[in-house]
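What follows is a short report on a single structure.
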Amino acid sequence: MAELDRLLTALKDQKGSDLHLVAGAVPKMRAKGGIVSVDGWPVLSQQTLLDLLEELPPPHQWEQYKKDSDLDFAYALPGVARFRANYFEQEHGAAAVFRIIPEKIIPLEDLKVPAVIESFAHLHQGLVLVTGPTGSGKSTTLAGIIDKINLTYAKHIVTIEDPIEFVHPSKQCVVTQREVRRDTNSFGAALRSAIRQDADVILVGEMRDYETISLALTAAEMGALVFGTLHTNSAAKTIDRLIDTFPAEEQQQARLTLSESLAGIVSQLLLKTADGTGRCAVNEVLVRTSGLPNLIREGNTPMMVSLMQAGSAQGMQLMDDALMKLVVEGRVKPEDAYMKALEKARFEKLLKQPPAGGH
């Protein structure tokens with residue numbers, strides 16, 4: 001058993017989400033929304049840490065880390081979990097972060113996300129984006145949607161990831177999972193192939209660059225159902241970010257294509273629960289309605305807010321309204337909601353009130 005496996009097992013046992021290793025510091029983990037030291041471990045010297053890190057990746061990847069000072073890969077510890085590993089260099093030497101990938105895909109019903117999110121699993125084509133900062137549970141929500149498709153329909157699902165996170169066994173669907181740099185050279189190359197591989201559903205792990213975004217739009221336009229992620233925190237910002245990746249002379253055409261293919265946007269944040277025992281997801285949701293294509297074509301993103309406020313019957317909601325609901329229900333603390341809110345003034349009056357049931 002690799003020495004590092006003991007640390008990864010401790011992460012799982014203590015219900016942590018991320019393990020942080022830095023030369024010159026004791027191992028730490030993120031658990032229940034805070035960072036704590038791992039019991040019983042000394043300060044890791046540079047050499048000790050390098051010896052630990054070398055145990056996991058295959059030799060060619062270790063050589064890549066020594067050359068580039070960066071490495072991403074997935075690591076499976078049988079009976080414990082899968083982990084997304086990121087090795088890097090920092091001021092004091094080597095460092096690494098391991099994020100736990102739950103082995104069991106959590107069904108959408110158990111994630112307590114808005115019911116409208118399940119409706120995206122029943123679409124036949126279009127582009128659906130799940131957005132939010134790193135660590136906001138985007139992958140978990142997407143895995144729930146893909147699992148729903150896999151259980152319900154007979155389709156070909158292709159996932160393109162770096163690295164593969166959740167493993168989807170084929171159920172009703174045929175599922176093909178491809179890892180960038182292992183099974184394909186790039187997101188772009190794999191997307192081009194997916195269009196030729198009779199894919200009904202395509203999951204793109206990261207939509208970072210012009211090539212990936214334009215190919216994802218093309219695939220959606222050609223009739224595939226495409227899911228992707230972005231690091232934006234609202235529906236309006238997501239649309240602007242997508243359009244901004246295109247050169248100025250292509251932006252009008254990109255608006256037209258996006259207006260025809262965008263099926264929905266889910267923005268997600270994770271907040272500590274009010275009782276401090278866990279975390280809960282909060283979502284902003286934009287659903288395609290007859291008014292949406294026009295707003296995208298005209299670049300009228302400020303009007304999106306009104307569209308979403310008026311669209312609550314279709315399951316749409318703004319992030320601030322979703323945060324307010326969680327505060328009113330007592331599921332999150334007002335100060336945590338205030339920190340994440342866009343219109344902070346709305347939440348200021350809640351901060352001055354004693355907590356419900358308190359004195």
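Okay, here's what the table says:
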{"read-out": "Packing-based ranking, highest mean first, of 89-97, 11-19 given that Cβ atoms within 10 Å are counted", "value": "11-19, 89-97"}
{"read-out": "The chain - charge dipole about Cα centre, Lys and Arg +1 at Cβ, Asp and Glu -1, debye rounded to 20", "value": "940 debye"}
{"read-out": "Cα lying deepest toward the dipole's positive end in the chain, options F73, I157, A194, charges on Cβ", "value": "I157"}
{"read-out": "Cα centre as origin, Lys/Arg/Asp/Glu Cβ charges: region 213-359 dipole, Debye", "value": "520 debye"}
{"read-out": "Fluctuation leader among A322, A115, A224 - the chain, Gaussian network, Cα springs under 10 angstrom", "value": "A115"}
{"read-out": "Ascending count of other beta-carbon atoms within 10 Å, so fewest first, for T218, T131", "value": "T218, T131"}
{"read-out": "For I105, I145, I296, order by how many other beta-carbon atoms lie within 10 Å, fewest first", "value": "I105, I296, I145"}
{"read-out": "Most to least packed among 39-49, 117-127 [average Cβ atoms within 10 Å]", "value": "117-127, 39-49"}
{"read-out": "Region 147-161 and region 290-359: distance between their alpha carbon centers, rounded to Å", "value": "32 Å"}
{"read-out": "Trypsin sites (Lys or Arg not before Pro) restricted to region 59-136 and DSSP loop, no more than 12 other C-beta within 10 Å", "value": "K104, K112"}
{"read-out": "Rg and Dmax of region 1-45, Cα atoms only, in Å", "value": "9.9, 29"}
{"read-out": "Sorted by Cβ neighbour density within 10 Å, fewest at the top, the residues T289, T212", "value": "T289, T212"}
{"read-out": "The chain - Rg over Rh from alpha carbon coordinates, Kirkwood radius", "value": "0.98"}
{"read-out": "Charge dipole of the chain about the Cα centre (unit charges at C-beta), most positive-ward option of L111, I296, H231", "value": "L111"}
{"read-out": "Between region 71-101 and region 196-211, the alpha-carbon center distance in angstrom", "value": "25 Å"}
{"read-out": "Positive-end residue, the chain charge dipole about Cα centroid, Cβ charges, pick of M324, L217, L52", "value": "M324"}
{"read-out": "Bridge type composition, the chain - antiparallel percent by DSSP, nearest 5", "value": "60 percent"}
{"read-out": "Normalised per residue, the volume of the convex hull around the Cα set of region 108-317 (Å³)", "value": "122 Å³"}
{"read-out": "Point-charge dipole on Cβ atoms (K/R +1, D/E -1) for region 3-101, about Cα centre, debye to 20", "value": "520 debye"}
{"read-out": "Pairs beyond 21 Å (Cα-Cα), from K15/K340; K112/K237; K138/K237; K12/K67; K28/K340", "value": "K15/K340; K112/K237; K12/K67; K28/K340"}
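The numbers here are math on the coordinates, done by the rules we state, and not lab data. All values reported here derive from a predicted model rather than from experimental measurement. Methodologically, a virtual Cβ is constructed for each residue, glycine included, from the backbone with ideal geometry; neighbour enumeration extends over all protein chains shown.
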